[in-house]
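Report on one structure; see the data block that follows.
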Amino acid sequence: MSTPSHISIRNLSVHYGLGHKVLGERLVVKAIDDVSLDIPKGSFFGLVGESGSGKTTLGRAILKAAPITSGHVRYNDGEAEFDIANIGKAELKDYRKRAQLIFQDPYAALSPRMTVRDIIAEPLEVMGLTSSRDETDERVREIAAKCRLNLEHLRRFPHAFSGGQRQRISIARALVCQPKFIVADESVAALDVSIQADILNLLRTLQEDMDITFLFISHDLSVVAHTCDQVAVMYLGSIVETAPSRELFSTPRHPYTKALLSAIPSLDPDDRGRAQKLEGEIPSPANVPSGCRFHTRCPIAKDNCRVDAPAWRELAPEHMVACHYADETVAAAPL
């Protein structure tokens, strides 16, 4: 029996109109274009792709922090259901308690004028989740302990902490209202490698202890390979491949996925220089190529790729890909 979806996305688009016209037509930036995706309940779901591929916009659209142009995002944690595209103000307030965001930059995400206690307590006070200061302090101390923060830290200001400690404060703030769904947007990208491992282990522990579903957005595939249960690969506002983590990293099917995996740094001197170089830059989302949107950089593109958009199809159990020639170019890539 398949795991029920915590987040179900169908034909989601997020388009932004530019203020000026070119040759009489107003340009439209297609940040997200017709995306369909299921994030299973209780999973640690990875979303990867180059900068500018739309990962952050997708995460924010799920949280109703970016305007949805068309399509549906449905949330279901077993206790409550929401249609995010058509959610009202009263429902949105309840949804905010259940779905939270961990920001990328722990230095910019925390107010320098607030103590750690006040930073963590703010969601409880804004949402009215506690009835007294004592109850608020108890909740703050409880989540601080789970995030490996000492009680003496609660009286200090953010400038007194390292990057890793600041990120633990950000995590505590996101989790203090006991959400069921978390979007972690590049939440370890600004940290040293040794600190990254500590934060990733903390997130995994918190997920198991608090029964949270994670959408983990990252450009670091080596981190995703050893952290996430399932992975979706995004290119120019569209999902091009999804699979269980081990399946995706051992048998990538899409040429873009293979190029990303080949660029993971290796410690083996004989393995250096194996990266598959992608020609050119990612196109502008205001001028998306016709047909397969990856054909302008694809090493195996043929004439039909320039005209016909590839169908979304399943090549192995739970392994979906959008490529005309994915079944002809299977190549293994070690974890």
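Every condition in (1) buried (at least 19 other Cβ atoms within 10 Å of the Cβ); (2) β-branched (Val, Ile, Thr); (3) within 16 Å of His15 (Cα to Cα) holds for Ile84 except the one numbered (3). Looking at segment 29-94, the strands (runs of 3 or more DSSP E) lying wholly inside it that each contain 3 or more residues that are in contact with a strand residue (DSSP E or B) (Cβ under 7 Å, 6 or more places away or on another chain), of a type outside the set (A, V, I, L, M, F, W, C) and outside the structural domain of Leu261 (by TED's automatic domain parsing) sit at 70-76. Taking every residue in segment 30-42 that is in contact (Cβ under 8 Å) with a residue 12 or more places away in the chain and pairing it with any residue that is part of a strand (DSSP E or B) and among the charged types (D, E, K, R), at least 6 positions away or on another chain, the pairs with Cβ-Cβ distances below 6 Å are Ser36/Arg10.
Go through segment 43-73 and report how many residues are farther than 23 Å from Ala322 by Cα and surrounded by fewer than 16 Cβ atoms within 10 Å (Cβ to Cβ). Within segment 43-73, residues that are farther than 23 Å from Ala322 by Cα and surrounded by fewer than 16 Cβ atoms within 10 Å (Cβ to Cβ) number 2.
Based on this model, can you work out whether Gln167 counts as of a type outside the set (A, V, I, L, M, F, W, C) and buried (at least 24 other Cβ atoms within 10 Å of the Cβ)? Yes, satisfied.
For segment 187-224, filtered to residues that are among the polar types (S, T, N, Q) and part of a strand (DSSP E or B), the residue that is modelled with the lowest pLDDT is Ser218.
Report whether or not Thr130 is β-branched (Val, Ile, Thr), in a helix (DSSP H, G or I) and in the same structural domain as Ser162 (by TED's automatic domain parsing). Taking the combined requirement at face value, the residue does not satisfy it.
In the set Ala145, Ala172, only one residue is surrounded by fewer than 21 Cβ atoms within 10 Å (Cβ to Cβ) and assigned to a helix (DSSP H, G or I); that residue is Ala145. Which residue pairs have Cβ atoms under 7 Å apart, sit 6 or more places apart or on different chains, and have a first residue in segment 278-291 that is surrounded by 15 or more Cβ atoms within 10 Å (Cβ to Cβ) and a second that is hydrophobic (A, V, I, L, M, F, W, C) and in a loop (DSSP other than H, G, I, E, B)? Here the result reads Ile282/Leu236; Pro283/Leu236; Pro285/Leu236; Val288/Leu236; Gly291/Val307; Gly291/Ala309, each pair linking segment 278-291 to a residue that is hydrophobic (A, V, I, L, M, F, W, C) and in a loop (DSSP other than H, G, I, E, B).
The values are calculated or read from the model by the stated rules, or taken from the named source; none is laboratory data. In this text, all values refer to a predicted model and were calculated from it rather than measured experimentally. With ideal geometry, Cβ positions are generated from the backbone for all residues, glycine too; neighbour counts draw on all protein chains shown.
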